[in-house]
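Just so it is clear, none of the values below were taken in a lab; they were calculated from the coordinates. Just so you know, these numbers come straight off a predicted model, no measurement behind them. Reconstructed Cβ throughout: ideal geometry from the backbone, glycine too, with neighbour counts over all protein chains shown.
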């Protein structure tokens, strides 16, 4: 993707920021990862996304559905079964999300070490 300064670039930046804020949300990322392998029912997703509340999962799924990344299918049975699956747009998001998750895991130790060194430096400056 080529980024250029052009007429309307502020509008473009706002649009990009809006999308990145939504798809970069920790729950969105985890739901997309959970659904990447296969469609799932609500409780399967909830079990697979550690720490998410029922309300937050509902909100996240509705947002993803509204954005065209998740498809909700209701099967007529007793009781009705609802299944969620990534759309082609959602699948296209899953790949960069997977790479970002791999990067985070690979660099977690270095980031933690840097945070410790930074925090120790602040403590030394404050203390004396």
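Below are the figures for this structure:
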quantity: Choice from 62, 46, 26 showing the highest fluctuation, given a GNM over the chain with Cα pairs closer than 10 Å; calculated: 26
quantity: Over the chain, relative contact order from alpha-carbon pairs under 8 Å, at least 6 apart, %; calculated: 21 percent
quantity: The chain - mean residue ellipticity at 222 nm from DSSP helices (-39,500 (n - 2.57) per run, n ≥ 4, rounded to 500); calculated: -22500 deg cm²/dmol
quantity: Estimated FRET transfer efficiency (residue 102, residue 81; beta-carbon r; R0 41 Å; 0.05); calculated: 0.80
quantity: Alpha-carbon gyration tensor eigenvalues x 5, square-rooted, for the chain, Å; calculated: 34, 23, 14
quantity: Tilt relative to the chain, helix 88-127 - C-alpha long axis, 0 to 90 degrees, to 10; calculated: 30 degrees
quantity: In degrees, nearest ten, helix 9-23 long axis to first principal axis of the chain (Cα); calculated: 70 degrees
